[in-house]
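No value in this document is a laboratory result; all are computed from the given coordinates. Computed from a prediction, not measured in an experiment: that's the story for all the values here. Because the Cβ atoms are built from the backbone with ideal geometry, glycine has one as well, and the counts that use them run over all protein chains shown.
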Amino acid sequence: MRRTVMIGWLVVGTLLGAATYAQDSNREFIIRYIEQYADLAIKEMARTGLPASIKLAQGIHESGAGQGHLTGRSNNHFGIKCKSNWEGDKVYHDDDAEDECFRKYDSAEESYIDHSNYLRSQSRYAFLFEYEPNDHESWAWGLKRAGYATSPVYAQTIIRYIETYQLNELNAYGDVEEDETLDLSDYFTALRSAAPIAYKPASSRPSVSATEATKSAPVRTSATTFPKGMFKINGLKVVYASEGTSLLSLAKKHKVQLSSLLAFNELPPRTTLLKEDQLVFLQRKKKTGKSKYHRVKKGEDMYAISQAEGIRLSQLLHLNKMKTGQVPKAGQKIALQHTISKRPQLVKTAERVTPSSVHVVRKGESLYTIAKKYSVTIDSIKEVNNLRSSELQIGQTLKIQK
């Protein structure tokens, strides 16, 4: 609801075609704010579905990381004005006009809860909850489009905070139980040790119609095109999801238990986010495929084939007389319906190149997120790559050794 940044430590280059944002001079205040309110934001996400990353980014911006004058007087962390239906306490503060009415709360927790309820109850924000929690760009631009703020750089500001402080990492805890105690120590340690990530906004943003057209287009991979939304493989319901997608959000969206979704796709029990773009089945895969054979493509392993054909991995291995971890050579025929007479030719261990052997740093990544992705430690990445600091550059190549 705030038109401008409440204190002057968010520095934007120029509104049109800005190339960079300056480093935060109040980074310490922001980190303290995240440490103080991350748990509350996560529990609100579990209650209402509003991403913890979006809530914290808005809170940082609207309250000046808790240092703003309005927040100090009213515990109002999100700049929510009174509106006609507000019956609680009020304070008056200059904003778009002089002496405007703002909601006053007894605690920050009340403000966090009211913010979630406000977005959930207003029809103009309903479309936001169709986005994936980690799709922070759609959330940020959606808030701006729905009229949450009048600042011309509101969306860029929210995106910047999320990417600079890795706030999407907190969305992985969105299935927290009400009485569960969260351990976010690893995240906070990495947050304090990491160098700030420079955020470079695009010089322009696609129009709404162009954005919506992109969202409705098929999802493309290097070899395959999949329809947008739910479709069928081997007679089973399936969706194609991108790296970083929350499995909990997929489960809720398609009314499937998270434990069932993990079992259907033969993923580890504690998996929360997808580590790569992949097909995600909404029903248990079958024991046989629709076709008789599958021709192995370059880079495919048996799990990828089991997903591509909608057949259980254990059954696929059995039909082809293979063991867990064995990889067929490109061009081999993999049986999908009947037990094969001779096992396919396999890739020798020395010839295998795993996706985790090399990682190219993407925008918004840190050592913490990369280490988590490959289930290794930050220290191991630094040691293998002779890194003396935690600062990374976009496009930098890292060796990952398990």
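What is the set of long-range amide H partners of Ile233 at a cut-off below 5 Å, with H atoms built 1.01 Å from backbone N?
Those qualifying (amide H under 5 Å, at least 5 residues apart or on another chain) are Val238.
Pop the C-beta distance of Arg47 and Ser389 into the FRET formula with R0 = 35 Å and round what comes out to the nearest 0.05. Please report the intermediate quantities before stating the final value.
Numbers: r = 39 Å, r/R0 = 1.10.
With a Förster radius of 35 Å, E is 0.35.
Any chance you could run the full-extension gain for Glu110 through Glu266? It's 0.36 nm times the residue separation minus the Cα-Cα distance, nm to one decimal. Spell out each step's value before the answer.
Numbers: separation 156, 0.36 × 156 = 56.16 nm, distance 4.05 nm.
Computed gain between Glu110 and Glu266 is 52.1 nm.
Explain nothing, just compute: Karplus ³J(HN,Hα) = 6.51 cos²θ - 1.76 cosθ + 1.60, θ = phi - 60°, for every residue of segment 134-143 in order, whole Hz, x for Gly and Pro.
Ordered by residue, 3J(HN,Hα) equals 7, 7, 5, 5, 5, 4, 5, 5, x, 4 Hz.
If I take R0 = 45 Å and measure r between the Cβ atoms of Arg73 and Ser380 in this structure, what FRET efficiency does the formula 1/(1 + (r/R0)^6) give, to the nearest 0.05? Spell out each step's value before the answer.
On the way: r = 48 Å, r/R0 = 1.07.
Working from the Cβ atoms, E equals 0.40.
Can you flag which of Lys275/Lys333; Lys298/Lys342; Lys285/Lys372 are past 25 Å Cα-Cα? The partial results should precede the final answer.
On the way: Lys275/Lys333 27 Å; Lys298/Lys342 21 Å; Lys285/Lys372 28 Å.
Where the Cα-Cα span goes over 25 Å, the pairs concerned are Lys275/Lys333; Lys285/Lys372.
I need the trypsin sites (Lys or Arg not before Pro) found in segment 97-169, filtered to DSSP loop residues with at most 13 other beta carbons within 10 Å of theirs. Could you put the intermediate results ahead of the total?
Values: sites: Arg103, Lys104, Arg120, Arg124, Lys144, Arg145, Arg160; in loops: Lys104.
Filter output for segment 97-169: empty list.
If the chain between Arg284 and Tyr92 were fully stretched, how many nm would it gain, using 0.36 nm times the residue separation less the Cα-Cα distance?
Roughly 63.4 nm would be gained on extension.
For every other residue with a beta carbon closer than 15 angstrom to the beta carbon of Arg295, add +1 if it is Lys or Arg and -1 if Asp or Glu, then tell me the sum.
Once all neighbours under 15 Å are counted, the net charge is +3.
Highest mean first, how do 381-392, 33-44 rank when packing is the count of other Cβ atoms within 10 Å averaged over residues?
Values: 381-392: 13.8, 33-44: 20.8.
Answer by packing, highest mean first, reads 33-44, 381-392.
Using 1/(1 + (r/R0)^6) with R0 = 56 angstrom and r between the beta carbons of Ser314 and Arg120, what's the FRET efficiency to the nearest 0.05? Mind dumping the intermediate values first?
On the way: r = 42 Å, r/R0 = 0.75.
Computed FRET efficiency for Ser314 and Arg120: 0.85.
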